[in-house]
1. Mind listing whichever residues of the stretch 7-60 are among the small types (Gly, Ala, Ser) and either farther than 26 Å from Val144 by Cα or assigned to a loop (DSSP other than H, G, I, E, B) (or both)?
2. Quick check: is even one residue across the stretch 103-114 under 21 Å from Phe138 (Cβ atoms) and assigned to a strand (DSSP E or B)?
3. Would you be able to tell me the number of residues in the stretch 43-68 that are of a type in the set (A, V, I, L, M) and touching a His at 6+ places or on another chain (Cβ under 7 Å)?
4. Residue by residue through the stretch 8-61, note down the ones that are more than 19 Å from Glu81 (Cβ to Cβ) and of a type in the set (A, V, I, L, M, F, W, C).
5. Which is touching a Cys at 6+ places or on another chain (Cβ under 6 Å), of a type in the set (Val, Ile, Thr), at pLDDT 90 or above and surrounded by 15 or more Cβ atoms within 10 Å (Cβ to Cβ), of Thr68, Thr46?
6. Here are some residues: Leu73, Leu52. Which one is closer than 17 Å to Gly129 by Cα and surrounded by 11 or more Cβ atoms within 10 Å (Cβ to Cβ)?
7. Which residues, counting only those in the stretch 128-142, are more than 12 Å from Asp66 (Cβ to Cβ) and either surrounded by fewer than 15 Cβ atoms within 10 Å (Cβ to Cβ) or in contact with a His (Cβ under 6 Å, 6 or more places away or on another chain) (or both)?
8. Please identify the pairs in which a residue from the stretch 8-32 that is within 23 Å of Ser136 (Cβ to Cβ) has its Cβ atom under 8 Å from the Cβ atom of a residue that is in a loop (DSSP other than H, G, I, E, B) and not aliphatic (A, V, I, L, M), counting only partners at least 6 apart or on another chain.
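The values are calculated or read from the model by the stated rules, or taken from the named source; none is laboratory data. In this text the structure is predicted, and so the values were computed from the model without any measurement. Neighbour counts are summed over all protein chains in view; Cβ atoms, including those assigned to glycine, are modelled from backbone coordinates with ideal geometry.
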Amino acid sequence: MATPDPHEVAAHDQSESHRYVVHYPEHGSRPGDPHYKDFDHYHRATKDDPELYQCAVGRRRGDFSDCTLDKPLELHHTHIEWALQNEVDLALLARQYPGVDTPDEVGAWVETAENLEWLCQFHHRGHGGAHVASASDFEGQHFVRGLIS
C-alpha cells in the first residue's frame, strides 16, 4: 500500500464570506450620463449578434452549462464600473489604455467594447458573479466546473 503524501489535501467544500466597504465617489445618475448613449448603442448593436451576445464565461469555456440562459444577458463593465469613473487615476488607466487620459475620455471609454462584456445573470450578479464572488474565485470558475455553488 502506498504511503499517503502528507502534503496532499483531500477535496473539500469551504464556505467563503467577504465583507468590506467600497468607497464610491460622487456620481450622477445613469440617465444623466452624456455617454449613456454609447452604452445603449453597444447594447442594441450587439444584442442581436449571436457571436457577441453570449455569456463571456460560457464563451471562454466553449460550454454554457453553468450559465443562466433562461433570462436575458446583462452587460458588465469589466475594468472600470460606471460609478467609479470620477475617481479613476488617469495616469494608471492611460498606462494600460493609452489615449484614455482625460475625464471625458474615461467616461466615453467606460461605455465601449473594451470595457463591456455580456454575462448571464449567474456570472454577473448571482453568487458566482463578477459583482459577488472574489476576483480569484470568479476567474477560477472560468476553468473549474462547479467551483462556486
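1. Passing the criteria: Ala10, Ala11, Ser15, Ser17, Gly28, Ser29, Gly32, Ala45.
2. Checked the stretch 103-114: no residue is under 21 Å from Phe138 (Cβ atoms) and assigned to a strand (DSSP E or B).
3. 1
4. Passing the criteria: Val9, Ala10, Ala11, Ala45, Leu52.
5. Every option except Thr68 fails the conditions.
6. Going through Leu73, Leu52 in turn, the sole match is Leu73.
7. Ala130, His131, Ser134, Ala135, Ser136, Glu139, Gly140, listed by residue number.
8. Matching pairs, first to second residue: Glu16/Ser134; His18/Ser134.
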